[in-house]
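Chemist: This is the structure, below, for whatever I ask next.
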Amino acid sequence: MTTAAVTKAATSFKRPGKKLLVGAVLLAWVAIWIPTHGTHTLGLSPADLTPLHQWLNDVNDTVGANRNSSPVFLHFFNEIRAGIDALVTFLQDLIAQPSFGRPVPVLGWLGVVGLAAYTAWFFAGWKPALLTAAGLIFFGLQGLWQESMDTLALTLAAVAISLAIGIPLGIWAGLSDRFHRLVTPVLDFMQTMPTFVYLAPLTLLFLIGPASATIATLIYAMPPAIRLTAHGIRSVPRSAVEATDSLGATGFQRLRHVLLPLSKRTIVLGVNQTIMAALSMVTIAALIDAPGLGKTVIKALQTLDVGTAFNAGLAIVVMAVVLDRVTTAAGDRRRTGRIPRSALGVVAVICCYLSYTYYWAAEFPDGARIGGAISRTADSVALRLQTELSTATEWIKNAVTYTLLNPLQALLVESPWWLVAAVAVALGALLGGVRAATVTAVCIALLIGTGLWQDSMTTLAMTIVATLLVMVLGVVFGVWMGRSRVADRVFRPALDAGQTMPAFVYLVPFLALFAASRFTAIVAAVVFAAPVAIKIVADGVRGIPAATVEAATAAGSSTWQMITKVQLPMARRSLTLAANQGLIYVLSMVVVGGLVGAGALGYDVVAGFSQGQLYGKGLAAGAAIVLLGIMLDRIARTNPPKGDKS
């Protein structure tokens with residue numbers, strides 16, 4: 001062969017595409033798995049501990065022994081814990097717990113209803129005020145008044161601290177480019193971590209109890225306040241700022257009279273998101289002895305008491321809806337006259353006085369409670385569904401378990417660790433580039449170091465299966481909503497409502513349908529994560545230029561061709577983002593599913609909270625969840641295609 005022919009052959013060689021290379025890696029994985037499965041799997045029985053777990057147990061014991069003598073704890077951590085405990089206790093004494101020698105709180109149910117309704121009316125209007133009053137009375141009717149007030153007190157404490165810190169930081173980030181660049185990666189990290197991982201390290205420093213729960217909640221809830229406050233300030237029209245500067249305004253005057261008023265709606269949205277995140281986290285923080293509705297749900301889930309879990313879950317849903325509607329409406333407040341405001345204020349004061357003075361206005365009447373009836377009805381419906389739909393639910397569960405979950409779990413758990421590591425790094429390099437491959441390699445090495453390799457692979461298998469199902473729903477419903485405004489108007493309110501629900505709520509109905517199993521955690525994770533994926537895909541499809549769609553239509557494209565050849569390829573960035581967000585949401589929920597039989601890392605974390613000898617193992621499981629989250633996040637952030645600058 002001549003030199004020219006060799007050169008021509010070399011130039012005509014076409015580099016394999018990314019999809020082909022990914023397929024080759026997966027095929028090679030299966031081919032190597034067949035002769036090597038069951039070897040080098042780094043198994044660890046539930047009762048065994050690694051040296052790392054024992055060392056963490058020793059650290060916990062040492063910290064506990066020196067908590068009241070070490071200067072670091074005496075003058076820093078213990079002071080923080082005492083301050084937050086005092087705030088939470090004050091709020092509980094005010095609305096939830098018997099206090100100051102009284103058999104009831106300072107404000108009884110009538111006072112809380114009157115004061116909360118007046119506050120909602122003052123900031124949001126009369127409709128949210130009526131909703132607030134109805135929601136609070138419903139807690140009493142359910143027989144969950146004290147639990148609801150404990151949850152509300154913890155949420156208010158966490159939100160108050162989050163806003164007190166978050167809004168000033170958000171203002172700083174909105175005014176300073178340097179600080180904005182510095183804080184953005186930290187916020188990304190805080191928001192991508194599953195909720196469980198905040199709990200374990202904090203119990204080491206602040207013990208199990210309301211203080212750790214409040215700190216975990218404010219860490220989880222603070223990022224929206226910072227991010228949206230900064231976004232609001234940065235979105236103020238430049239012309240308004242320049243006009244203010246031309247009048248000689250100082251920096252403080254510009255902030256007070258221009259930036260903050262013009263960014264008010266966005267800041268209120270940040271307050272709304274902070275409150276919803278806090279409520280979600282407060283219920284999960286019941287795992288570390290946070291009082292309130294979350295504790296009731298956890299006890300019911302652990303005993304498979306569907307009726308009680310449903311009743312408490314319903315109260316969480318009602319509280320989420322009330323808080324969401326009030327804070328959302330506060331952004332569009334319409335001022336009313338002074339006389340009605342004063343009159344309603346007087347009514348609220350009278351309600352507070354009555355609830356402080358008279359027992360009937362302090363303790364919710366026992367005879368009016370319907371919580372038992374709700375629980376019995378939920379139990380009856382659950383039993384009926386389990387009986388009448390058992391064939392269908394078993395078929396669905398077995399279909400997903402035997403066709404997707406078991407094969408994938410066997411591939412991950414029974415593969416040698418070095419094979420999984422090689423495949424993960426290769427996929428990271430192909431999908432995310434060198435940086436993603438490096439991060440993946442580091443995460444794999446640290447996962448091995450936690451001693452929980454098999455549990456991590458089991459959690460990873462459930463996460464991948466749930467994410468695949470989420471993306472199927474995301475593409476089907478997202479494309480439908482993106483192409484049809486009628487479908488968008490029908491589905492979007494339900495998706496918005498679904499995103500406001502705390503994670504625990506999703507476990508209850510599926511526990512009734514599918515009993516305690518891995519599949520229950522998976523289907524709950526799918527429902528939890530699907531709304532965000534569907535909305536992202538829908539927005540991506542709708543964002544395609546109309547001229548492109550019209551050109552494809554004029555060329556004679558069918559509906560199927562339009563979707564597969566035009567809309568989905570052009571919405572590739574949205575699909576990638578949907579997969580990324582779906583992964584994070586699914587991982588968070590799959591871990592929570594450890595409460596209903598999902599096992600693996602979620603169970604390790606829960607066991608670590610409840611059994612002292614497993615504390616170190618639970619802490620290592622929390623770290624493993626973080627590592628899985630980072631690894632999946634980096635791999636899912638695939639490189640954009642060449643030429644895609646959108």
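Chemist: Using only Cα atoms and rounding to the nearest 10 degrees, what angle (0 to 90) does helix 434-450 make with the longest principal axis of the chain?
Modeler: Computed tilt is about 70 degrees.
Chemist: Let me ask something additional. Given a Förster distance of 35 Å, report the FRET efficiency between SER239 and ALA546 from their Cβ-Cβ distance, rounded to the nearest 0.05.
Modeler: E(calc), rounded to 0.05, equals 0.75.
Chemist: Helix 503-514 versus the longest principal axis of the chain: what angle, 0 to 90°, nearest 10, using Cα atoms?
Modeler: 70 degrees
Chemist: Could you rank the peptides 450-461, 301-312, 29-40, 538-549 by their average count of other C-beta atoms within 10 Å per residue, with the highest value first?
Modeler: Most protected by this proxy first, the peptides run 450-461, 301-312, 538-549, 29-40.
Chemist: Treat each spin label as a single point 7 Å out from the Cα along the C-beta direction, and report the SER342 to GLN253 distance in nm.
Modeler: Distance between the two pseudo-spin positions: 3.4 nm.
Chemist: Please work out how much length the chain gains when fully extended from ARG384 to ALA134, using 0.36 nm per residue of separation minus the C-alpha to C-alpha distance, in nm with one decimal.
Modeler: 87.0 nm
Chemist: Counting Lys and Arg as +1 and Asp and Glu as -1, each charge on the Cβ, what is the dipole of the range 329-480 about the Cα centre in debye, to the nearest 20?
Modeler: That gives a dipole near 920 debye.
Chemist: According to a simple spin-label model (label point 7 Å from Cα along Cα-to-Cβ), what is the distance in nm between ASN68 and ARG181?
Modeler: Placing both labels 7 Å beyond Cα along the Cβ direction yields 5.0 nm.
Chemist: When the accessible area of the chain is split by element with a 1.4 Å probe, what percent falls to carbon and sulfur? Write out the running numbers ahead of the final one.
Modeler: Details: 20270 of 30310 Å².
Exposed carbon and sulfur together represent 67 percent of the surface.
Chemist: So how strong a dipole does the range 534-608 carry about its Cα centre when Lys and Arg Cβ are +1 and Asp and Glu Cβ are -1, to the nearest 20 debye? Walk me through the numbers on the way to the answer.
Modeler: On the way: 5 positive and 3 negative charges, 41 e Å.
The dipole of the range 534-608 has a size of about 200 debye.
Chemist: Got a number for the accessible area of TYR506? Probe 1.4 Å, square angstrom, nearest 10.
Modeler: Here the accessible area works out near 20 Å².
Chemist: Classify the chain as rounded, prolate or oblate from the Cα gyration tensor: take a ≥ b ≥ c as the square roots of its eigenvalues, call it rounded if a/c is under 1.5, otherwise prolate when a/b beats b/c and oblate if not.
Modeler: Verdict is prolate for the chain.
Chemist: Choose one of TRP453, ALA164, PHE206: the residue whose Cα lies farthest towards the positive end of the charge dipole of the chain (beta-carbon charges +1 Lys, Arg; -1 Asp, Glu; about the Cα centre).
Modeler: Result: ALA164, furthest along the dipole toward the positive end.
Chemist: If DNA, RNA and ligands are ignored and the probe is 1.4 Å, what is the ranking of SER162, SER239 by accessible area, most exposed first?
Modeler: So the residues, ranked largest to smallest area, are SER239, SER162.
Chemist: Next up: How far is it, in nm, from the label point at THR303 to the one at LYS565 when both lie 7 Å from their Cα along the line to the Cβ?
Modeler: 6.2 nm
Chemist: Calculate, for ALA554 and LEU20, the FRET efficiency according to 1/(1 + (r/R0)^6) with r their C-beta to C-beta distance and R0 35 Å; round to the nearest 0.05.
Modeler: According to the calculation, E is roughly 0.60.
Chemist: Also, quick follow-up: Taking the Cβ-Cβ separation of ILE208 and THR89 as r and a Förster radius of 22 Å, what is the calculated FRET efficiency to the nearest 0.05?
Modeler: My answer for the efficiency is 0.85.
Chemist: Order the following by accessible area, largest value first: LYS18, LYS295, LYS617, LYS397. Probe radius 1.4 Å; ligands, DNA and RNA are ignored.
Modeler: Result, largest first: LYS18, LYS295, LYS397, LYS617.
Chemist: Here is a follow-up. Compute, for the range 58-159, the length of the dipole vector about the Cα centre, with Cβ point charges of +1 (Lys, Arg) and -1 (Asp, Glu) only. Units Debye, rounded to 20.
Modeler: Dipole of the range 58-159, to the nearest 20 debye: 380 debye.
Chemist: Another one. Towards the positive end of the charge dipole of the range 224-376, with charges on Cβ (+1 Lys, Arg; -1 Asp, Glu), say which of ILE226, VAL306, LEU247 has the farthest Cα.
Modeler: LEU247
Chemist: Using protein chains only and a probe of 1.4 angstrom, how many square angstrom of THR119 are accessible, to the nearest 10?
Modeler: Rounded to the nearest 10, the figure is 60 Å².
Chemist: Sticking with this one: Among VAL442, VAL413, ALA378, whose Cα projects farthest towards the positive end of the dipole of the range 333-467, with charges put on the beta-carbon of Lys, Arg (+1) and Asp, Glu (-1)?
Modeler: The one lying farthest along the dipole's positive direction is ALA378.
Chemist: If DNA, RNA and ligands are ignored and the probe is 1.4 Å, what is the ranking of VAL349, VAL271 by accessible area, most exposed first?
Modeler: VAL349, VAL271
Chemist: Tell me the mean residue ellipticity at 222 nm calculated for the chain from its helices only (DSSP H runs of n ≥ 4, each -39500 (n - 2.57), averaged over every residue, nearest 500).
Modeler: Roughly -25000 deg cm²/dmol at 222 nm, from the helical runs in the chain.
Chemist: Please calculate the 1.4 Å probe accessible area of ILE298, with all protein chains present, and give it to the nearest 10 Å².
Modeler: We get 10 Å² for ILE298.
Chemist: Any idea what angle helix 390-400 forms with the longest principal axis of the chain, computed on alpha-carbon atoms, 0 to 90 degrees, nearest 10?
Modeler: Roughly 50 degrees between the two axes.
The values are calculated or read from the model by the stated rules, or taken from the named source; none is laboratory data. This is a predicted model, so every value here is computed, not measured. Cβ: placed from backbone, ideal geometry, glycine included. Neighbour counts: every protein chain shown. Only protein heavy atoms, including side chains, enter the accessible area calculation; ligands, DNA and RNA are left aside. Shrake-Rupley method; radii C 1.70, N 1.55, O 1.52, S 1.80 Å.
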